[in-house]
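Q: Structure provided below as structure tokens; questions to follow.
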Amino acid sequence: MEKFECNLAPYATVVVKLLQGPLYDETKTLWNELLIYQKQITVYLEQIGLELIVEKNDGYAFLRQIELDETGKTIGLIRRLPLTFEQTLLCVLLREWLDEYETDLKENDALVVSHTDFRDRIEVFFRESSNKVKLLKELDKYIKDMVRFGFLKPVGADSDDSEIISYEVKRIIKSRITSEKLEEFKAKLQHIAETV
């Protein structure tokens, strides 16, 4: 069988990784390739309606769809999924938590939060105990959603049963949930709280 000749770009692996989700500087080889070929990758991605966002200081890169008009229309390469109330709540919580942490930050350390920290912080949002019990019961599911979105990275485990107990809050949440988006989310949560 004849071998197929392929004219593969030297940055192809980086583009594939970015299409799958955020890229972090902790994956050294891919991160270095991204920095070397950043201009070429940017040009290529713009041809398919995507913008490359690279935050070198915070060590992450991701793709954003280019809006084709004032209505926010895109070519639809990346699916937009609406957030549930609980997911929105956790996004707001994490974004504000990171803002508070960075205000008091002495070094460039990562914000690491425990499962207990989540429980303590999220409880204050609920007056009705039935809603609080339901949310706390499903908290692990919503934390996993935040990991899937790239906003959290599991970092600590209980040595007895390997259950994850700590998470690093990734700074990419600042780019994904801008100050404007944060205010929009908070208004949405306030509206929901008032109508319940």
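The values are calculated or read from the model by the stated rules, or taken from the named source; none is laboratory data. Bear in mind the structure is a predicted one, so any value in this text is a computation, not a measurement. Every residue, glycine among them, receives a Cβ derived from its backbone with ideal geometry; neighbour counts consider all protein chains shown.
Q: Collect the residues in segment 27-62 that are farther than 25 Å from Lys153 by Cβ, within 21 Å of the chain's Cα centre (by Cα) and at pLDDT below 95, keeping them in residue-number order.
A: Gly49
Q: Within segment 25-44, does at least one residue satisfy the condition of being surrounded by 13 or more Cβ atoms within 10 Å (Cβ to Cβ), hydroxyl-bearing (Ser, Thr, Tyr) and touching a residue at least 60 places away in the same chain (Cβ under 8 Å)?
A: Within segment 25-44 (the criterion being surrounded by 13 or more Cβ atoms within 10 Å (Cβ to Cβ), hydroxyl-bearing (Ser, Thr, Tyr) and touching a residue at least 60 places away in the same chain (Cβ under 8 Å)), the answer is no, since none of the residues qualifies.
Q: Would you be able to say whether some residue in segment 87-94 is modelled with pLDDT of 85 or more, touching a strand residue (DSSP E or B) at 6+ places or on another chain (Cβ under 9 Å) and not aliphatic (A, V, I, L, M)?
A: Looking through segment 87-94, none of the residues is modelled with pLDDT of 85 or more, touching a strand residue (DSSP E or B) at 6+ places or on another chain (Cβ under 9 Å) and not aliphatic (A, V, I, L, M).
Q: Only residues that are touching a strand residue (DSSP E or B) at 6+ places or on another chain (Cβ under 6 Å), farther than 24 Å from Leu68 by Cβ and among the aliphatic types (A, V, I, L, M): list them for segment 1-29, please.
A: Hit for segment 1-29 is Leu23, nothing else.
Q: In the set Val112, Val147, which member is part of a helix (DSSP H, G or I), farther than 24 Å from Gln190 by Cβ and modelled with pLDDT of 70 or more?
A: Being part of a helix (DSSP H, G or I), farther than 24 Å from Gln190 by Cβ and modelled with pLDDT of 70 or more holds for just one of Val112, Val147, which is Val147.
Q: A further question on this structure: Among the residues of segment 26-55, what is the count of those that are more than 19 Å from Lys170 (Cβ to Cβ), outside any strand (DSSP E or B) and not aliphatic (A, V, I, L, M)?
A: So the count comes out to 12.
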